[in-house]
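Below: the structure, in C-alpha cells.
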Amino acid sequence: MVSGIPVRIHATFVLLLVWIFGSHLARGQSLVQSLEGVVLILAVFLCVVLHELGHALTAKRYGVRTRDITLLPIGGIARLERIPERPSEEVAVAIAGPAVNVVIAIALGGALILTGGMARLAGSPAAIQGNFLAELLAINIFLVVFNLIPAFPMDGGRVLRALLAMRFEYVRATQIAASVGQGFALLFALVGLVTMNPILLFIAFFVFIGAGQEAASVQWRSAFDGIPVARAMIRDFRTLRGADPLSRAVELLLEGHQQDFPVVGDRPGDPPIGVLVRADLLTALASGRMDRRVDEVVRRDCGVAHPREMLDVVSQRMQEGRCPAVPVVSEEGVVVGMVTLENVGEFAMIQAALARGTRPAA
Ligand code: ZN
C-alpha cells in the first residue's frame, strides 16, 4: 500500500527474478554478480512503481482514484477508475509517469558525476556494463523514450489522444490515436523481423493489441452517451424471493427466460436484496445443495441502478464490480427492470448499427 493504493506483484515477476539469477550463473558469473543482476531488476521495478505512482498521484489531484498498481514482468499498470474529464488533465496524468523517470535519471546522472563514474564512462562507453548506477540510468532513459512513443498503451498514446481531443470529438480522437499506434506496431514488427529481434516483435504485438482495445472500449462507452437506463433495461423479467429454494431458480433458468435474477425480500414492497447470478447458482448446485435458499447464494454487493441513471455509468460499475446483472429500482423502491451486460452489449450493437445508418437485418 502506497498513499492508499494497493501495489500488487504478479506471480510471474518472481519467476523473472529467478530466471535472471539463473541466467547470470549459467553464463559462469559469480554468486555476487548474479545477485547484482537481481538487485538491478528490483531497482528497475522500483523505478517502474515510482513511474506508476506519478500517474496515480497526479490523477488523484484531479479527483480520479486508482484501483491498484500491478507489476508485471513487462512493466507496471496503474488502473485508474476513469479517465480525467479534460484533455489537459489527461496530458498531465500521462506525462507525470515519464517525468518521474526523468527526475530519477537526473539524480542518477548527478550521482555518477559526483562519484567520478561519468568521466570513466566517457573514456570507454563499454564500461556501462557492470556499473550499477550507469545501467540504471540507461534503463530510466529507455523508459522515458519508450513511454513517449505516441502509441497506445504507452503514455505517449494518451498524450496524443488528449491533444487530438482538443480538436476532434473524443471517439474520433481515440480512433486516430489508435491507428497511429497500430502503424507504429507494424513498423516495430517490420524492424523486428529484419533485425531478427524477438523483443521488438513482442513489443509490436503488445502495442497492436493495446491500441485496438483502447479504441474498442472508448467506442463502447460512447455508444451509451446520454442514454438513461430506462431506455435499455429489460422490462419483462422474473424475480426470485430470498426464501425460495435454488430449485425454483433452476426451473426458471430452464424455462429459458433469463440467466440472472433480481432477488427481492419476502414481503411485497420489500427492497431488493441483490441478484442471483447464473455462475453462482451453478457453483452452488455443483456442491449438491439444491435445497439451499436463494438468499444464501445471492450477490449483495452489486447494488442497484435507477431508471434515470446514465447507462455508461451503470455499465462501467457492473464491469468494475464483475456484476453481470443489476436490478433497476424506481424511486418508490420497486424493481421495475433489470440491466445485464449481455443486453447492454446488444443495445450497443444496435446503437452502432443505427449510427452507421443501416438497419439491423430483419
Ligand atoms: Zn506510464
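Please work out how much length the chain gains when fully extended from ARG8 to LEU42, using 0.36 nm per residue of separation minus the C-alpha to C-alpha distance, in nm with one decimal.
10.8 nm is the gain from fully extending ARG8 to LEU42.
Tell me, Kirkwood radius of region 229-351 from alpha-carbon pair distances, in Å?
14.5 Å
Just to confirm my understanding: which cysteines in the chain have no other cysteine beta carbon less than 4.7 Å from their beta carbon?
By the Cβ distance rule, which asks for a partner under 4.7 Å, the isolated cysteines are CYS47.
For a quick check of your reading of the filter: which GluC sites (Glu not before Pro) in region 1-99 sit in a DSSP loop and have no more than 12 other Cβ atoms within 10 Å? Write out the running numbers ahead of the final one.
Details: sites: GLU36, GLU52, GLU81, GLU85, GLU89, GLU90; in loops: GLU81, GLU85.
Within region 1-99, the qualifying GluC sites (Glu not before Pro) (loop, at most 12 other Cβ atoms within 10 Å) are GLU81, GLU85.
Separation between the ARG322 and LEU114 pseudo-spin-labels, each 7 Å from Cα along Cα→Cβ, expressed in nm?
About 4.7 nm separates the two model spin labels.
Between ALA211, ALA78, ALA279, which gets the highest mean-square fluctuation from a Gaussian network model of the chain, Cα cutoff 10 Å?
Sorting by GNM fluctuation, first place goes to ALA279.
Whole-Hz Karplus ³J(HN,Hα) for region 240-254, in order, using 6.51 cos²θ - 1.76 cosθ + 1.60 and θ = phi - 60°, x for Gly and Pro?
Going residue by residue, I get 10, 9, x, 7, 4, x, 4, 4, 5, 5, 4, 3, 5, 4, 5 Hz, with x marking Gly and Pro.
Can you list the trypsin sites (Lys or Arg not before Pro) in region 127-179 that are in a DSSP coil and have 13 or fewer other beta carbons within 10 angstrom?
On the way: sites: ARG158, ARG161, ARG167, ARG172; in loops: ARG167.
In loop regions of region 127-179 (DSSP not H, G, I, E or B), the sparsely surrounded trypsin sites (Lys or Arg not before Pro) are ARG167.
Just to be sure I understand: with springs between alpha-carbon atoms less than 10 Å apart, which residue in PRO87, PRO327, PRO268 has the highest mean-square fluctuation in the Gaussian network model of the chain?
Between PRO87, PRO327, PRO268, it is PRO268 that shows the largest mean-square fluctuation.
Kindly give Rg over Rh for region 1-148, based on alpha-carbon atoms, with the Kirkwood expression for the hydrodynamic radius.
Across region 1-148, the Cα-based Rg/Rh ratio is 1.03.
Once you have the alpha carbon radius of gyration of the chain, what is it after dividing by 2.2 N^0.38 Å, with N set to its residue count?
Taking the Cα Rg and dividing by 2.2 N^0.38 Å, one obtains 1.26.
Could you compute the FRET efficiency for ARG27 and ILE234, with r as their C-beta to C-beta distance and R0 at 56 Å, rounded to 0.05?
The value I calculate is 0.35.
FYI, it's all coordinate maths here, none of it is from the lab. Note that the structure is a prediction, hence the values are computed from the model and not measured. Using ideal geometry, Cβ is built from the backbone for each residue, glycine included, and neighbour counts are taken over all protein chains shown.
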